[in-house]
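The values are calculated or read from the model by the stated rules, or taken from the named source; none is laboratory data. If you're wondering where the values come from, they're calculated on a predicted model, not measured in any experiment. Positions of Cβ are backbone-derived with ideal geometry, glycine not excepted, and every protein chain shown enters the neighbour counts.
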Amino acid sequence: MANCTKLFLDFNKELEVTSSKIQKIKTARDNIKNKLVAHFENKSKYNLKGTWIQGSYKMGTMIRTKDDTCDLDLGVYFNQVDENVTSGTVMDQVFKAVEDVTSTTPSKKEKCIRIIYKGDFHIDLPIYHFNKEDHAHPNLATRNNGWNESDPKDFYIWFNDHSNLQQLKRIVRYLKAWSDNKKGKFPSGLAFSIWAVNHLVSNERDDIALYELLKEIKSDIDYSWYLEMPVVPYDNVCQKLTKEQKSNFSDAIESFIDDAKDAIESDNQLEASKLWQKHLGNKFPEGEDEDTDAKEALLRATSKSILSGSAYAQRSGRVSENTDGVKHKPHTNYGG
């Protein structure tokens, strides 16, 4: 079998957002915070508590897309909002606070204000009203449906409780890269995160762990497209997908599963890597044109022979246990 774990680890590094872009994001975040503080400082109907980074950046699953962009979720929290002020009005006030932070006018979404940094990244501002004395959970502002319970901090805690958190983060990033590489609407990164926590079985090989998870996701959607948010509001995170989008995703994941199986069973790492590239994109590195598993097995056997004192150097330069060669000197380097 072609072990592509190192290729996956290299791919994970390729998905990382550059340090220069991270610095731009941090600067943008600080500018937004300053704009919010200045805007709400003398508004008696609003008590601005502050901001909290959430979503993929906080969870460590953010990726650099094929277009070299990324996004940040920056929650805007109010301790108190006058009872006569609607959620839509609060969103309008936040919009006014940040409307000139870039040269591009922010977008008014149903559940956030989106600030666009053209060709670079965007920052979404979901808005919450949360007073611990009055609410068990934060209330998210929507443009047309009032305030709804939503708790990104609880989700962050739930996600981070996984027994193999680092592999979990990598697997979610691979799934998001797959989605980014394909045309058409896929389930959200949130959905991929929930499926991964629900079904990921740790494996020393990322390629096998991903393959097994893909099969579990396919089994789930074959049974039902209901995927419950594990914290409030406990809604179906796949409910907005259309019938056609669900069908397209089902076909895409079936194709991915078939190629992942062939890649894992392949004896040639280069051939296997091309199968992974078909779904994960050209950022996924090409492997060696050889049976890397057999090569690794030979190296392990050679190492064992040397350590045990049964190794002989052959005329070809190879080391084996064939006694026709010159006996290898005993190993004496035991560390210190």
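Of all residues in the stretch 25-40, those being farther than 29 Å from Gln167 by Cβ, of a type in the set (Val, Ile, Thr) and touching a residue at least 40 places away in the same chain (Cβ under 8 Å) number 1. Screening the stretch 131-148 for residues that are crowded, with 16+ Cβ neighbours inside 10 Å and more than 27 Å from Cys70 (Cβ to Cβ) and picking the one that is farthest from the chain's Cα centre (by Cα) gives Trp147.
Restricting the first member to the stretch 1-23 and to residues that are within 14 Å of Ile63 (Cα to Cα), and the second to residues that are of a type in the set (Val, Ile, Thr) and outside any loop (DSSP other than H, G, I, E, B), the beta-carbon pairs closer than 8 Å and six or more apart or on different chains are Val17/Ile25. Within the stretch 104-133, no residue that is on the phi > 0 side of the Ramachandran plot and in the same structural domain as Thr51 (by TED's automatic domain parsing) sits with its Cβ atom under 8 Å from a residue that is basic (Lys, Arg) and crowded, with 23+ Cβ neighbours inside 10 Å at 6+ positions apart or across chains. Restricting attention to the stretch 241-276, the residues being within 30 Å of Leu140 (Cα to Cα) and surrounded by fewer than 19 Cβ atoms within 10 Å (Cβ to Cβ) number 5. Identify all residues within the stretch 134-166 that are in a loop (DSSP other than H, G, I, E, B), acidic (Asp, Glu) and in contact (Cβ under 8 Å) with a residue 12 or more places away in the chain; write none if there are none. Matches in the stretch 134-166: Asp151 only.
Scanning the stretch 75-110 for residues that are of a type outside the set (Phe, Trp, Tyr) and assigned to a helix (DSSP H, G or I) yields Ser87, Gly88, Thr89, Val90, Met91, Asp92, Gln93, Val94, Lys96, Ala97, Val98.
Scanning the stretch 1-40 for residues that are at pLDDT 95 or above and not in a helix (DSSP H, G or I) yields Asn3, Cys4, Leu15, Glu16, Val17, Thr18. Look at the stretch 41-65: where a residue is modelled with pLDDT of 95 or more and a partner is part of a loop (DSSP other than H, G, I, E, B) and surrounded by 15 or more Cβ atoms within 10 Å (Cβ to Cβ), sitting 6+ places away or on another chain with Cβ atoms under 6 Å, you get Ser56/Met62; Ile63/Leu15; Arg64/Leu15; Arg64/Val17.
Matching residues to (1) more than 16 Å from the chain's Cα centre (by Cα); (2) loosely packed, with under 13 Cβ neighbours inside 10 Å; (3) closer than 27 Å to Asp154 by Cβ:
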site	(1), (2), (3)
Val201	yes, yes, yes
Glu212	yes, no, no
Glu216	yes, no, yes
Asp220	yes, no, yes
Tyr223	yes, yes, yes
Asn236	yes, no, yes
Gln239	yes, yes, yes
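Of all residues being of a type in the set (A, V, I, L, M, F, W, C) and in contact with a Gly (Cβ under 8 Å, 6 or more places away or on another chain) in the stretch 13-61, which is surrounded by the most Cβ atoms within 10 Å (Cβ to Cβ)? Just the residue, please. Break it down stepwise before answering.
Filtering the stretch 13-61 down to residues of a type in the set (A, V, I, L, M, F, W, C) leaves 15, 17, 22, 25, 28, 32, 36-38, 40, 48, 52-53, 59.
Pick out the ones that are also in contact with a Gly (Cβ under 8 Å, 6 or more places away or on another chain) and you get 52-53.
Working: Trp52: 17, Ile53: 15.
Ranking the qualifying residues of the stretch 13-61, first place goes to Trp52.
Of the helices (runs of 4 or more DSSP H) lying entirely inside the stretch 223-336, those containing at least 3 residues that are modelled with pLDDT of 95 or more span 243-265, 269-280.
Evaluating Gln166 against the criteria (1) modelled with pLDDT of 95 or more; (2) closer than 26 Å to Phe95 by Cα leaves one unmet condition, (2).
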